[in-house]
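To keep things clear, I will list the structure first and then write my remarks on it.
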Amino acid sequence: MDTARALLSSWSFEPAVVFGLASAAGLYLRGFVQLRRQLPERFPAWRCSAFLAGLAVLALALLSPLDGLSDLLLQAHMAQHWLLMSVAAPLLWLGAPIIPLLRGLPRAWLRRGLGPFLAWPALRRVLRALTRPVPALLLWALTTLAWHWPAAYQAALRDPFWHDLEHACFFAAALLFWYPVIEPWPARRTGARPELLLYLGAAAVFNTLFSATFAFSDRLFYPLYAEVPTPWSIAPLADQRAAGALMWVASALPMLLAAVAIVVVLLGPARYSRVHAVGLAAPPSRAGTCLRALADRVRSLRLRRALQLVLFGLAGAVVLDGWLGPQRPSALNLAGVLPWTYWRGFVVIALLLAGNLFCAICPFTLTRTLAARLLGRPFAWPAALRNKWPAVGLFALYLWAYEALALWDSPYWTAWIVVGYFAACFLVEGLFPRGSFCRHLCPIGQFHFVNSGISPLEVRARDGAVCSDCATHDCLRGNRNGPGCPTGLFLPTKTGNLDCTFCLDCVRACPHGNAGLAAVAPGAALGRKRSQRVVPGFDLAALMLLVSFGAFANAGAMVEPVVSAGATFSEWLGHGVQRAVPGVALLVAMAGIPAVLIPACAASGRALAGIGTRDVSIGRIVVQLSPSLIPLGFSMWLAHFSFHLGTGMGTLAPAADRALAGLGLTAGIPFSGSKPAGALTGALFPDLELWLLGAGLVVTVAVGWRLARTLAPDPGAALRLGLPWAALALVLYAAGIWIALQPMQMRGMVM
């Protein structure tokens with residue numbers, strides 16, 4: 001109690017600091033008042049609040065008891081550095097302080113002294129060079145490393161001069177670092193740039209490595225902390241680890257907020273409208289000619305059929321080896337390797353880089369025309385099933401069976417699943433209208449439809465006016481050049497990639513050349529306003545939530561602590577229910593938990609935003625905001641499947657060698673290829689997984705903000721409405737990090 005009282009009363013009023021902060025506040029206010037009268041749209045009131053808040057943070061860092069406590073605790077010193085570098089600096093730049101501070105000076109000073117100096121060309125060239133992203137990032141990182149070098153850091157602890165110089169260097173480096181991100185007026189603003197995400201990502205990587213060094217080291221870097229009395233009897237090494245954890249989390253938060261702001265702008269309608277259509281009217285240039293040639297290849301029906309035949313052959317190999325090959329170990333069977341390690345990994349990477357490529361070359365639809373000719377399609381699809389509920393049930397069944405029945409470890413049943421898929425597609429496509437299987441039943445297709453919302457490509461019309469003048473609607477109905485959209489999407493009204501199989505039948509059928517692939521901002525379609533009808537959207541919301549939560553449930557079921565806990569619980573319940581425990585736990589994780597949390601988020605968000613029940617129902621909030629979780633869920637799928645693809649990359653060689661040997665052939669592939677990727681795998685995972693999850697969190701928060709604005713146009717109300725959803729995303733993100741850091745079962749591996 002005495003220590004706490006002494007610290008709270010130890011405020012410092014160092015004249016130089018107090019005078020500097022007070023002078024900055026006075027000059028800024030004087031100039032801001034003048035500029036606000038002249039340029040009210042350029043200087044809203046919030047800018048003044050941001051600048052004054054930045055000065056208050058500087059006072060808190062330099063004059064509060066935190067300054068005295070920094071000599072006794074490393075975590076207090078790190079908190080002081082965080083306030084200087086990650087809070088005060090961006091707040092000051094948000095105030096656009098350059099012109100207000102200059103206008104606040106006496107005119108004689110500005111005209112005769114400071115003005116000519118600031119106009120000096122050499123100075124302007126130096127400042128322009130230092131505020132570019134690469135130099136700013138390097139100076140920020142080097143300043144951080146240099147002053148945390150034990151000799152320099154302990155010199156700052158011993159001598160007030162070096163301590164003050166350290167803080168000045170940190171603050172100056174932070175101002176340089178945040179300048180490219182905020183670009184305070186009158187800088188030539190270029191708007192939100194995608195490369196700034198790389199800039200912030202590089203800074204986050206550096207911060208992670210730097211902070212983790214303190215958080216996980218068993219060596220005390222600054223022995224001076226062991227020589228001074230520590231408040232509350234905190235051990236120096238524990239203090240050091242706490243300081244590392246503090247810097248790790250606290251420094252990442254402003255970067256995360258900045259990244260979210262950039263993504264929000266990138267996903268805006270103005271950005272989304274500026275797309276580049278592939279395969280339409282290419283410019284008369286060499287680059288345009290090459291692009292058009294590439295587009296012709298992409299929409300070539302021959303290429304699609306060739307790729308479908310290749311996948312059909314691989315599916316046949318999976319079926320034959322699954323039935324006839326050895327069942328143990330499953331990693332020596334093509335049915336245990338190709339579907340569960342290679343196919344899943346490659347399709348999620350394709351979704352990220354291009355779009356729904358698997359549906360475009362799906363082998364299951366290869367017999368669609370034959371089925372129609374043999375069976376005649378005599379029935380209409382039932383009206384009660386013209387929704388996503390059958391797909392929701394089938395996808396939940398797939399996730400449940402995969403874990404509860406250990407399908408990944410059973411080549412025999414994997415082969416039957418492939419055969420069953422072909423049979424189901426053949427019957428449905430032969431008895432019902434074209435595309436019924438893809439749109440309403442196929443669980444694989446639903447997975448791709450939902451997650452293709454983050455894809456950078458979209459099939460769309462180029463010019464709406466051309467579509468308005470079109471009377472034939474061949475993109476939907478088809479013609480001799482193409483059968484039209486199999487899932488009934490009308491190109492002029494199509495938004496996003498939902499239900500789009502990327503088959504490009506609409507592109508081939510369009511007689512005006514007005515359809516093609518368009519490059520869009522990943523996630524832009526998710527942030528667009530959705531239908532105001534609530535009840536018809538529940539099926540789609542349920543599918544999106546199932547896919548998103550299923551990612552964490554599927555990955556979490558494979559980590560060692562969960563597997564051990566499940567085995568212990570099964571043993572406690574008795575051998576009769578052991579096989580039921582994983583399936584029940586998976587159902588609770590992917591369906592039971594969201595059934596409780598999602599309505600709670602909607603209700604609490606509505607209460608925080610002050611939205612009445614008559615204005616917006618909980619169901620409508622659920623329908624509108626559920627798509628915001630797709631980027632985070634996809635990042636978990638991508639991290640998980642990429643892990644298995646990376647660690648199991650060598651498993652195809654021994655499986656293929658064994659399958660060929662069974663046919664009396666040999667490929668001469670060494671069995672050693674089945675081993676994990678060794679040092680490369682250890683270097684990539686789990687760091688890659690953590691950054692994928694971080695990127696998913698950023699896009700999820702940004703999309704959630706844009707979707708909240710569709711229900712609450714007022715920014716403050718939208719922020720409060722989306723706050724519970726952002727909190728849920730943070731919880732899922734933390735769960736994903738925990739999963740990535742746990743030992744994972746090496747499924748599909750020869751161990």
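The values are calculated or read from the model by the stated rules, or taken from the named source; none is laboratory data. Computed from a predicted model, the values in this text were never measured in an experiment. Every residue, glycine among them, receives a Cβ derived from its backbone with ideal geometry; neighbour counts consider all protein chains shown.
Where helices (runs of 4 or more DSSP H) fall entirely within the range 346-423, those with at least 1 residues that are more than 33 Å from the chain's Cα centre (by Cα) are at 368-375. Restricting attention to the range 228-246, does a residue exist that is modelled with pLDDT of 70 or more and aromatic (Phe, Trp, Tyr)? Yes: the range 228-246 contains one or more residues that are modelled with pLDDT of 70 or more and aromatic (Phe, Trp, Tyr).
Any chance the range 377-400 includes a residue that's touching a Lys or Arg at 6+ places or on another chain (Cβ under 8 Å) and farther than 22 Å from Ile454 by Cα?
Checked the range 377-400: at least one residue is touching a Lys or Arg at 6+ places or on another chain (Cβ under 8 Å) and farther than 22 Å from Ile454 by Cα.
Considering only the range 163-173, I want to know if a residue exists there that is at pLDDT below 80, more than 19 Å from Gly694 (Cα to Cα) and surrounded by fewer than 18 Cβ atoms within 10 Å (Cβ to Cβ). No - not one qualifying residue is present in the range 163-173. Does the range 36-54 hold any residues that are out of contact with any helix residue (DSSP H, G or I) (no Cβ under 6 Å at 6 or more places or on another chain) and over 10 Å from Leu94 (Cβ atoms), and which are they? The answer is Arg36, Arg37, Gln38, Leu39, Pro40, Glu41, Arg42, Pro44, Ala45, Leu52. Return yes when Arg480 is surrounded by fewer than 23 Cβ atoms within 10 Å (Cβ to Cβ), without any contact (Cβ under 8 Å) to a residue 24 or more places away in the chain and of a type outside the set (Gly, Ala, Ser) and no when it is not. Answer is yes for this residue. When residues in the range 424-451 are screened for being among the aliphatic types (A, V, I, L, M), surrounded by fewer than 23 Cβ atoms within 10 Å (Cβ to Cβ) and under 31 Å from the mean Cα position of the chain (by Cα), 2 of them pass. A Cβ distance below 9 Å, combined with a sequence gap of six or more or placement on separate chains, defines the contacts here; from the range 154-168, residues that are polar (S, T, N, Q) reach residues that are in a helix (DSSP H, G or I) and loosely packed, with under 15 Cβ neighbours inside 10 Å in the pairs Gln154/Pro223. Scanning the range 711-726 for residues being of a type in the set (D, E, K, R) and either closer than 20 Å to Pro631 by Cα or touching a residue at least 24 places away in the same chain (Cβ under 8 Å) (or both) gives a total of 1.
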